[in-house]
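*Asks:* One structure is given below, represented as structure tokens, and several questions about it will come after.
The values are calculated or read from the model by the stated rules, or taken from the named source; none is laboratory data. Since the structure is predicted, the reported quantities are computational estimates derived from the model, not experimental observations. Here the Cβ is made from the backbone with ideal geometry for all residues, glycine too, and neighbour counts use every protein chain on show. Just so you know, the surface numbers come from the protein's heavy atoms only, side chains and all, with ligands and any DNA or RNA stripped out. Shrake-Rupley method; radii C 1.70, N 1.55, O 1.52, S 1.80 Å.
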Amino acid sequence: MTNLLFIIALLPWERRLFSRLLPSKEIFRKQIGIYIASLPISIFIANIIMTIDGVLWHSWEERLSRYYIPVAMICCYQYVQATARRYNENKLLILNNKHLVDEKIALEEHRKLLQNNRTKILEFRQSLLSDYDQLLELIKNSDMATAKDWVKQKELDIPSPTVMAYSASPIINTAISIYHSRSQRLGIKFSHKINLPKNLKTDENDLSILISNLLENAIQASIKEPGTPEISFTLQHMEKQCVLAITNPCSSSLDLDNDGLPHSTRQGHGIGMVSLKMFLDKYKGYATYTQSDGLVKLFIYWKDEIPC
């Protein structure tokens, strides 16, 4: 009864003390965390058992020896907590370093892509200048009929991909149309279901880059499959929620990282996942990859809000 009265009288101080001893929520996600979290109550029960001996007032030696064990165990418990925090901080640092490495690879691939585009533009410019020279030569020779036929033939040679109106955003429409047309040229079926509002708060540049990278990965995986593969693309908006889903055939097993996203060790095959991670971090979303019956399904969810 005396011990109980002491506990009640010191309850405000005990509340402040033991609230600092509570572990974080992360520690309960693993089984060993439950054992660590149960350590204080085990110490308390052990101390109660030692004091229930029918003696009202113990000697100083007995009291010090009995309270020494709980104090020592509480110190050990605090050390375990501090070690767990340092472990989590180191793990977070390793993940951040991995993201930086992935971003570096993505930037390097982007630089190579820009260099390739510059080369193609230079080739196109040289070809265009050569065409101009031929046209000027025909005009100088007053061969207007041949010049007109030559111009008409060049107009027919210029590719004219059709940009479909999937949404109110021209950038998103262009991104989807390019890969829709490309999949048809490669003999891949492309089915889509798109519903986006006019006042989309998600940045259309971010979304178009994400769509382009993901559809590029889906096409690269589909062309390796036999028969007539099919890509299913879904982009839906309801109230303030956005969902993007892509299904494509893939017979090879996916290698997932700690975030549950595929990663590749081959150079030039990681830019899609880097852009996805950056998009999820910016818009506080999440993504899941599943593979079954030779099909890979990607599901992405995020809130249609202006990022901070």
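*Asks:* Among the residues of the range 289-308 satisfying the criterion of being under 19 Å from Ser222 (Cα atoms) and in contact with a Phe, Trp or Tyr (Cβ under 9 Å, 6 or more places away or on another chain), which is surrounded by the most Cβ atoms within 10 Å (Cβ to Cβ)?
*Replies:* Val296
*Asks:* On to the next question. Just name the residue that is farthest from the chain's Cα centre (by Cα) out of those in the range 167-190 that are under 20 Å from Cys250 (Cβ atoms) and among the hydrophobic types (A, V, I, L, M, F, W, C).
*Replies:* Leu186
*Asks:* Let me ask another. If Val55 passes every condition in (1) part of a helix (DSSP H, G or I); (2) open to solvent by 50 Å² or more (accessible area, probe 1.4 Å); (3) at pLDDT below 75 but one, which one does it miss?
*Replies:* The number of the failed condition is (1).
*Asks:* Within the range 134-151, which residues are charged (D, E, K, R) and surrounded by 10 or more Cβ atoms within 10 Å (Cβ to Cβ)?
*Replies:* Glu137, Asp143, Lys148, Asp149
*Asks:* Which count do you get for residues in the range 174-208 that are part of a helix (DSSP H, G or I) and either open to solvent by less than 60 Å² (accessible area, probe 1.4 Å) or in contact (Cβ under 8 Å) with a residue 24 or more places away in the chain (or both)?
*Replies:* 15
*Asks:* Would you confirm whether or not the range 258-277 contains a residue that is basic (Lys, Arg), modelled with pLDDT under 85 and part of a loop (DSSP other than H, G, I, E, B)?
*Replies:* yes
This table checks each residue for (1) in a helix (DSSP H, G or I); (2) in contact with an Asp or Glu (Cβ under 6 Å, 6 or more places away or on another chain); (3) at pLDDT 80 or above.
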{"position": "Met73", "(1), (2), (3)": "yes, no, no"}
{"position": "Thr83", "(1), (2), (3)": "yes, no, yes"}
{"position": "Tyr87", "(1), (2), (3)": "yes, no, yes"}
{"position": "Ile94", "(1), (2), (3)": "yes, no, yes"}
{"position": "Leu107", "(1), (2), (3)": "yes, no, no"}
{"position": "Ser127", "(1), (2), (3)": "yes, no, no"}
{"position": "Ser142", "(1), (2), (3)": "no, no, no"}
{"position": "Asp149", "(1), (2), (3)": "yes, no, no"}
{"position": "Lys152", "(1), (2), (3)": "yes, no, no"}
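*Asks:* Right, another one. Please go through the range 202-222 and pick out each residue that is modelled with pLDDT of 90 or more and either more than 18 Å from Leu276 (Cα to Cα) or of a type in the set (S, T, N, Q) (or both).
*Replies:* Thr202, Ser222
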